[in-house]
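Trainee: Please find one structure pasted underneath; my questions will follow.
The values are calculated or read from the model by the stated rules, or taken from the named source; none is laboratory data. Bear in mind that the values here come from a model prediction, so they are computed numbers and not experimental data. Cβ placement follows ideal geometry from the backbone for every residue including glycine, while neighbour counts extend to all protein chains displayed.
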Amino acid sequence: MKRRLTASVLLLYSCCALAQLGGESTYQFLNLVSSPRQAALGGKIITNFDHDVTEALYNPASLNYRMHNQLAVNYSSYLGGIGYGTAAYAYTWDRRLQTFHFGVTYINYGSFDGYDLNGLFTGTFSGNEVALSGTYNYDIPRSDFYIGGTFKVITSALEQYNSIGVAVDLGVMYINEKIDFHAALSVRNIGTQITTYAGTREQLPFEVNLGLSQLLQNVPLRWHLTFENLQKWPIASSNPARATTDLDGNQTQESVGFFNEVLRHTILGAELFPDKGFNLRVGYSFRRGEELRIEDSRSFAGLSFGVGIKMGRIRFNYTHARYSSATNNNFFGLQIDLQ
């Protein structure tokens, strides 16, 4: 019992700190962005279909022959000193029709001081989680559709508690090459815990995302529009800090209207020179911006921007994401062409 309190606090911290739909499921790290490029475009972008091998970590249908023999590693010193990273590699087989992908997603929550119910120090402990994934993609012959699936094995260690789980991601993408238009749908984290932390089986962070993107005809810019967490409506909760009080002392809670609900499901992104060796990216997550907004303070929460540079066989990516005036995030990535 003496360590159960500390582990419970750690579990709660991991859910809230990752800016997800906190407290509703375990393994929340599975829905973090997979790369600096994705983070720069606002997060959860599922419509890129090119060389970026880490895109397949989030949408298996984006896997394609251009990722053949591409190796990528990404790292971020995340919020609260959390270390987070991904790695990915792809290999194409059967004349560009079938592509295989292998990935790793890792998060380390750092070191914590443990105390029992009486406040006595019990030592330090740590927490980390890892997901190993294998992805398969198939280009449906004589069609504009690509389908893909990912199988993930998840391990989690939080203080003395451990858990193992499995999950599947499914994705489909439509590409109209005449107008350079992409549409994609991804269904993530269909799965279960094989072993639980303390006898209680928890849900996985199931998520449904819909994305649209297009390269403008006369401008080297691709826009992205993503609708996230379509499996849940409404997604917003009233913020007690934004309650108003009238002259009689009556308090009125924040009201979240229909339009605001739609915006919280929406992510916008744009990439300048997407097919060149130098790229500029910017994105905005309405949900992150609204949930982290502070009254009478301009923190630019929800905004992210980044750059990509190709030098020979190496691509370097960097993104800066705004969360609040006190906390921001930097994401670094390196992709190497092994061909």
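Trainee: Being surrounded by 17 or more Cβ atoms within 10 Å (Cβ to Cβ) and within 20 Å of residue 209 (Cβ to Cβ) is true for just one of 270, 301. Which residue is that? Reasoning before the result, please.
Mentor: Numbers: 301 fails: within 20 Å of residue 209 (Cβ to Cβ).
Testing whether each residue is surrounded by 17 or more Cβ atoms within 10 Å (Cβ to Cβ) and within 20 Å of residue 209 (Cβ to Cβ) leaves just 270.
Trainee: Looking for something buried (at least 16 other Cβ atoms within 10 Å of the Cβ) and modelled with pLDDT under 95 - is there at least one such residue anywhere in region 162-179?
Mentor: no
Trainee: Being buried (at least 17 other Cβ atoms within 10 Å of the Cβ), within 17 Å of the chain's Cα centre (by Cα), at pLDDT below 95 and not charged (D, E, K, R), is that true of even one residue in region 236-252? Give the derivation first.
Mentor: Within region 236-252, the subset buried (at least 17 other Cβ atoms within 10 Å of the Cβ) is 236.
Subsequent filtering for residues that are within 17 Å of the chain's Cα centre (by Cα) retains none.
Checked against the condition, which is being buried (at least 17 other Cβ atoms within 10 Å of the Cβ), within 17 Å of the chain's Cα centre (by Cα), at pLDDT below 95 and not charged (D, E, K, R), region 236-252 yields no hits at all.
Trainee: Checking the condition under 20 Å from residue 338 (Cα atoms), at pLDDT below 90 and acidic (Asp, Glu), which residue from 94, 139, 113 passes? Talk me through it step by step, then tell me what you get.
Mentor: Working: 139 fails: under 20 Å from residue 338 (Cα atoms); 113 fails: under 20 Å from residue 338 (Cα atoms).
Of 94, 139, 113, the one residue that is under 20 Å from residue 338 (Cα atoms), at pLDDT below 90 and acidic (Asp, Glu) is 94.
Trainee: Six or more apart or on different chains, Cβ under 7 Å: which pairs go from a residue in region 280-296 that's over 9 Å from residue 264 (Cα atoms) and touching a residue at least 40 places away in the same chain (Cβ under 8 Å) to one that's assigned to a helix (DSSP H, G or I) and of a type in the set (D, E, K, R)? Could you list them?
Mentor: Final answer for the pair search is 281/37; 295/242.
Trainee: Taking only region 182-205 into account, find how many residues are surrounded by fewer than 19 Cβ atoms within 10 Å (Cβ to Cβ), not in a strand (DSSP E or B) and not acidic (Asp, Glu).
Mentor: Matching residues across region 182-205 total 6.
Trainee: Of the conditions (1) modelled with pLDDT under 95; (2) at negative phi, residue 123 satisfies every one except a single condition; which number is it?
Mentor: (2)
Trainee: Here's a follow-up. Test residue 327 against the criterion of being under 19 Å from residue 75 (Cα atoms) and modelled with pLDDT under 85, and give yes or no. Walk me through how you get there before you give the answer.
Mentor: Working: under 19 Å from residue 75 (Cα atoms): yes; modelled with pLDDT under 85: yes.
Considered against the rule, which asks whether it is under 19 Å from residue 75 (Cα atoms) and modelled with pLDDT under 85, residue 327 comes out as yes.
Trainee: Which is farther than 13 Å from residue 30 by Cβ, more than 16 Å from the chain's Cα centre (by Cα), small (Gly, Ala, Ser) and modelled with pLDDT of 95 or more, of 198, 183?
Mentor: Working: 198 fails: modelled with pLDDT of 95 or more.
Only one candidate qualifies: 183.
Trainee: Among the candidates 69, 48, 108, 59, single out the residue that is at positive phi and either surrounded by 15 or more Cβ atoms within 10 Å (Cβ to Cβ) or among the polar types (S, T, N, Q) (or both).
Mentor: On the way: 48 fails: at positive phi; 108 fails: at positive phi; 59 fails: at positive phi.
One residue alone meets the criteria, 69.
Trainee: Condition first: of a type in the set (A, V, I, L, M) and touching a helix residue (DSSP H, G or I) at 6+ places or on another chain (Cβ under 9 Å). Now tell me which residues in region 131-181 satisfy that. Quick ask: steps written out before the conclusion?
Mentor: First pass over region 131-181, keeping only residues of a type in the set (A, V, I, L, M): 131-132, 140, 147, 153-154, 157-158, 164, 166-168, 170, 172-173, 175, 179.
Once the filter is applied, which keeps residues that are of a type in the set (A, V, I, L, M) and touching a helix residue (DSSP H, G or I) at 6+ places or on another chain (Cβ under 9 Å), region 131-181 yields 131, 147, 154, 158, 167, 170, 172, 173.
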